[in-house]
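First the structure, in the form of structure tokens, and then the observations on it.
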Amino acid sequence: MSDPAVVLDDLREESEALDVLVGEVSAERWSAPTPAVGWTVAHQIAHLAWTDRAALLAVTDSDGFAAEVAKALAAPERFVDDGAEEAAKLPPTELLAHWREGRELLQEALRAVPAGGRFPWYGPPMSAPAMATARLMETWAHGQDVADALGVVRTPTDRLRHVAWIGHRARGYAYLVRGLPVPVEPVRVELVSPRGESWVFGPEDAAQTVTGPALDFCLLVTQRVHRDDTSLVAVGADAEQWLGIAQAFAGPAGPGRPAEGARPADESRRAQEAPAQGAP
């Protein structure tokens, strides 16, 4: 995992990039549907704001967070959607201000966590670097949903390294959440970064490998693209199986995205590595 300050700086930059994207669109476009069924652009930002506030509570008020966990356990199928639904009703300017305030408060709180310190979360306790990495991954992934909804092609950055790292680290979780046995044999992941550099995760002597563009890997582990619509190459049965169920985010097993050929023409995947375009 990267230095905490580096991850937090990258999280801020990722959030600011999404902020620019949504800050330039009209109020009407906030109600545009995104690839996540039932969620608009407003829901995506509301979800990020809700999760930032939950993380802030976990860092600063363990008793208060325990009460929120109890609410989640009482409605495990609804608590995430309910959190997004409530804030999504706010006018766009208020929702944007709410998100900005919460994410900055979380930045301050995470920077104040002592080295080695941990705090509660919905799963195992988290460290500040781990939480920052998870927040960056989710911000980037939901930002992809927003970009798709607005017809914007984003330029990938080296911040994807954090997403790739957590995607590789969460390999075992993808099996556990589906009730499948976790393979013993390791998989080495060799990716080409947006700048053409090599990013490698996993032991050098691993017999099974996954290779390809870092962008494709990150889209896949966040379930923003179907396996068949990537350029990733898997060597080994376990490696291939993993790519079919990869999941970097916590929670129940995600349904993933349909293959491009199974979507309506107007929902086909855009060329991800084209230069960024302005929001309509």
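Here P92 fulfils each of the conditions (1) touching a residue at least 12 places away in the same chain (Cβ under 8 Å); (2) of a type outside the set (D, E); (3) farther than 26 Å from T155 by Cβ apart from (3). Just to be sure, is I245 crowded, with 17+ Cβ neighbours inside 10 Å, touching a residue at least 60 places away in the same chain (Cβ under 8 Å) and over 25 Å from P129 (Cβ atoms)? Yes, satisfied. Taking region 118-152 as the range and being small (G, A, S) and closer than 23 Å to Y173 by Cβ as the test, the residues that pass are G123, S127, A128, A130, A132, A134, A141, G143.
Restrict the check to region 245-268 and report whether at least one residue is modelled with pLDDT of 95 or more, touching a Ser or Thr at 6+ places or on another chain (Cβ under 6 Å) and in a helix (DSSP H, G or I). No: zero hits.
Screening D10 on (1) under 21 Å from T133 (Cα atoms); (2) loosely packed, with under 13 Cβ neighbours inside 10 Å shows it passes everything except condition (2). Residues of region 23-33 that are surrounded by 14 or more Cβ atoms within 10 Å (Cβ to Cβ), assigned to a helix (DSSP H, G or I) and in contact with a helix residue (DSSP H, G or I) (Cβ under 6 Å, 6 or more places away or on another chain): W30 alone.
For residues in region 34-44 being surrounded by 13 or more Cβ atoms within 10 Å (Cβ to Cβ) and β-branched (V, I, T), which is farthest from W99 (Cα to Cα)? My answer is T34.
Taken together, V221, V192 contain a single residue that is in contact with a Pro (Cβ under 6 Å, 6 or more places away or on another chain), surrounded by 15 or more Cβ atoms within 10 Å (Cβ to Cβ) and either under 26 Å from V59 (Cβ atoms) or without any contact (Cβ under 8 Å) to a residue 24 or more places away in the chain (or both), which is V192. A single member of A49, A84, A36 is under 16 Å from the mean Cα position of the chain (by Cα), in a loop (DSSP other than H, G, I, E, B) and not charged (D, E, K, R), and it is A36.
Report whether or not A32 is small (G, A, S) and closer than 29 Å to H168 by Cα. Taking the combined requirement at face value, the residue does not satisfy it.
Rundown of residues vs (1) loosely packed, with under 15 Cβ neighbours inside 10 Å; (2) over 23 Å from W39 (Cα atoms); (3) more than 17 Å from the chain's Cα centre (by Cα); (4) without any contact (Cβ under 8 Å) to a residue 60 or more places away in the chain, yes/no style:
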site: A66; (1), (2), (3), (4): yes, yes, yes, yes
site: R103; (1), (2), (3), (4): no, no, no, no
site: L110; (1), (2), (3), (4): no, yes, yes, no
site: F119; (1), (2), (3), (4): no, yes, yes, no
site: P129; (1), (2), (3), (4): no, yes, no, no
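The values are calculated or read from the model by the stated rules, or taken from the named source; none is laboratory data. As the structure is a computational prediction, the values presented were derived from the model and not from experiment. Glycine gets a Cβ as well: all are built from the backbone with ideal geometry, and neighbour counts include every protein chain shown.
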